[in-house]
Amino acid sequence: MSSVALTPDGKYIISGSWDRTIKIWDFETGKMINSLEGHKDVVSSVIITSGGNYIISGFWDKTVKVWDFKTGEIIKSFQGHRLGVNSVALTPDGKYLLSAAQDKTIIIWNLDIKEEQKDENTEKIIKILEFQLENDRLPTKMELLKEFSFSFEEIEHYLDILKKPIKKWKSISITNIKQKAEKILKELEKPNLLELMVKFGLSFQEARSMGKFLIDNGWIEDFPLVYKKIRKKQELITTSEPENIALKSR
């Protein structure tokens with residue numbers, strides 16, 4: 001092994017090795033979940049972008065490559081060094097890639113990739129869903145404005161995406177989705193959006209995609225935002241006979 005990097009969320013370790021492979025490991029279990037192969041020489045250096053969407057690697061075959069973290073595909077390859085690349089780094093703003101090589105040169109590359117941010121703010125969505133869990137309804141626009149301090153644009157956006165039916169949601173690629181689905185189903189008989197985000201640490205987009213995967217493969221019939229808490233409220237019902245009082249549960 002020649003180089004290691006940790007994803008921004010701390011969930012995965014990326015390793016580059018003398019055996020010409022890049023491997024992705026689950027930080028918690030230590031299990032390898034993906035191997036990126038096909039390199040012509042030693043993987044000398046690996047890093048990951050700030051959004052966790054791309055792996056960047058340097059090779060002794062004189063190239064620098066950019067990989068899509070989720071799909072494992074090469075999306076860019078930079079060539080320009082005369083000898084093997086020893087190290088790669090990113091500028092703080094993520095716009096430029098630097099590579100240092102055995103030819104005693106440092107090249108600055110225009111990375112020119114759009115760092116895919118999480119499609120939604122996970123923490124904000126969790127707050128909305130927790131409100132729904134407690135109140136059996138989504139918050140009103142006024143509540144989002146005053147209590148959640150959302151902007152007008154955010155209010156319209158979040159209410160819109162949360163009302164979209166799961167079957168119409170476009171699924172995204174999730175690394176090792178079958179194993180993750182198996183783990184979820186072993187713990188939850190009827191998973192919902194909020195539980196996947198809170199208990200399993202999935203982003204909104206990942207949780208929705210997991211829900212669609214489970215529905216499409218016949219594991220569940222529906223995928224609600226939350227499951228309502230079971231509340232038993234006792235209500236006194238007075239009949240024509242004052243002494244006959246019944247308890248009714250809702």
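Computed values, structure above
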read-out	value
Condition met for residue 143 (acidic (Asp, Glu), surrounded by 15 or more Cβ atoms within 10 Å (Cβ to Cβ), modelled with pLDDT of 85 or more and within 22 Å of the chain's Cα centre (by Cα))	no
Tally of residues being in contact with a Leu (Cβ under 8 Å, 6 or more places away or on another chain) and closer than 14 Å to residue 59 by Cβ across region 82-96	1
Matching residues in region 127-140 - criterion: being outside any helix (DSSP H, G or I), at pLDDT below 90 and surrounded by 13 or more Cβ atoms within 10 Å (Cβ to Cβ)	138
Residues within region 15-40 that are surrounded by fewer than 16 Cβ atoms within 10 Å (Cβ to Cβ) and in contact with a Gly (Cβ under 7 Å, 6 or more places away or on another chain), tallied	1
Which numbered condition residue 12 misses (of (1) surrounded by 17 or more Cβ atoms within 10 Å (Cβ to Cβ); (2) more than 19 Å from the chain's Cα centre (by Cα); (3) among the hydroxyl-bearing types (Ser, Thr, Tyr))	(2)
Per-region count, region 199-223, residues farther than 10 Å from residue 184 by Cβ and surrounded by fewer than 16 Cβ atoms within 10 Å (Cβ to Cβ)	6
Selection from region 104-126 of residues that are surrounded by 15 or more Cβ atoms within 10 Å (Cβ to Cβ) and at pLDDT 90 or above	107, 109
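Here is a yes/no grid of residues against (1) part of a strand (DSSP E or B); (2) within 30 Å of residue 2 (Cβ to Cβ); (3) more than 24 Å from the chain's Cα centre (by Cα); (4) not assigned by TED's automatic domain parsing to the domain that holds residue 64:
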{"residue": "92", "(1), (2), (3), (4)": "no, yes, no, no"}
{"residue": "103", "(1), (2), (3), (4)": "no, yes, yes, no"}
{"residue": "150", "(1), (2), (3), (4)": "no, no, no, yes"}
{"residue": "153", "(1), (2), (3), (4)": "no, no, no, yes"}
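The values are calculated or read from the model by the stated rules, or taken from the named source; none is laboratory data. Because the structure is a prediction, the values reported are computed rather than measured. Reconstructed Cβ throughout: ideal geometry from the backbone, glycine too, with neighbour counts over all protein chains shown.
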